[in-house]
Amino acid sequence: SHELKRVHGGAVRADAARYTTLQERSKRNIEEKLELSRLAERFIKDGDTIYVDAGSTAVQFVKVLKKFKNLTVVTSSLDVCVELCGCDNIDLIMCGGNFMEKENVFCGGLNNDMLKTVNCDKAFLFPSGISIDKGVTVFSPMFTLMYETLISRSDEVFFLADSDKFEKHATYT
């Protein structure tokens, strides 16, 4: 049975998100993720220091970053790092820690300690779900730790999510 949530102008169904692998997610909604990336690009300017989260949207997002003349990109994502390696216009900062192979990302206490030393103009985060009722949600408590640190260390935070994530919630808020 599904629960309906009342919202301005109607109602929406709130569902629990089902975890899918990075490989599965990378094949879905590619055009939508690219469009999100192009919209988010408008908030970035040369000289910015930005954090780029991990995930399937991140892989599309970093493609738009290559056109900037001067950016510092901080990430914990191996995919983001590989995509931006060799870009002369991007100063790349990789935050290490415990490697979560299924998401191709470093996280945990060591990662969080490093993130606490970085000041970002903007953070671009790609959560597992966004709902009116539960807010921004992720599948791992290590991501909540990472998100809380990034929110406190960044001047602006942007959450990018394709429509598969709307009114879905993962385990941790």
Percent RCO, i.e. relative contact order, over region 58-134, from Cα pairs under 8 Å lying at least 6 residues apart: 24 percent
For K134, give me every one of the lysines with a C-alpha distance below 16 angstrom, ignoring sequence neighbours fewer than eight places off in its own chain. K5, K165, K168
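Is the shape of region 31-173 rounded, prolate or oblate, going by the alpha carbon gyration tensor and its root eigenvalues a ≥ b ≥ c, with a/c under 1.5 for rounded and a/b larger than b/c for prolate? Can you show the working numbers first?
Values: a/c = 1.56, a/b = 1.19, b/c = 1.31.
Since a/c reaches 1.5 but b/c is at least a/b, the shape of region 31-173 is classed as oblate.
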Relative contact order for region 63-105 using alpha-carbon pairs under 8 Å, separation at least 6, rounded to a whole percent? 44 percent
How much length, in nm to one decimal, is gained on full extension between K66 and R38, taken as 0.36 nm per residue of separation minus their Cα-Cα distance? 8.9 nm
The ³J(HN,Hα) series, computed from each phi in region 73-83 with the Karplus coefficients 6.51, -1.76 and 1.60 at θ = phi - 60°, rounded to the nearest Hz and given as x for glycine or proline, is 10, 9, 8, 10, 8, 5, 4, 5, 4, 5, 5
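Seen from all sides and averaged, what is the projected area of the convex hull of the Cα atoms in region 78-139, in nm²? Numbers along the way, then the final one.
On the way: hull surface 22.3 nm².
Seen from a random direction, the Cα hull of region 78-139 projects 5.6 nm² on average.
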Over region 79-123, what is the relative contact order in percent, taking alpha-carbon pairs closer than 8 angstrom and at least six residues apart? 27 percent
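Cβ neighbours within 10 Å, averaged per peptide: list 107-120, 48-61 in order, most packed at the top.
Highest to lowest by the protection proxy: 48-61, 107-120.
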Region 44-95 - convex hull of the alpha-carbon atoms, volume per residue in Å³: 62 Å³
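Every number in this text was worked out from the coordinates using simple rules, so none of it is lab data. All figures in this text were calculated on a predicted structure; none of them were measured in a lab. Heads up, the Cβs are rebuilt from the backbone with ideal geometry, glycines too, and the neighbour counts pull from every protein chain shown.
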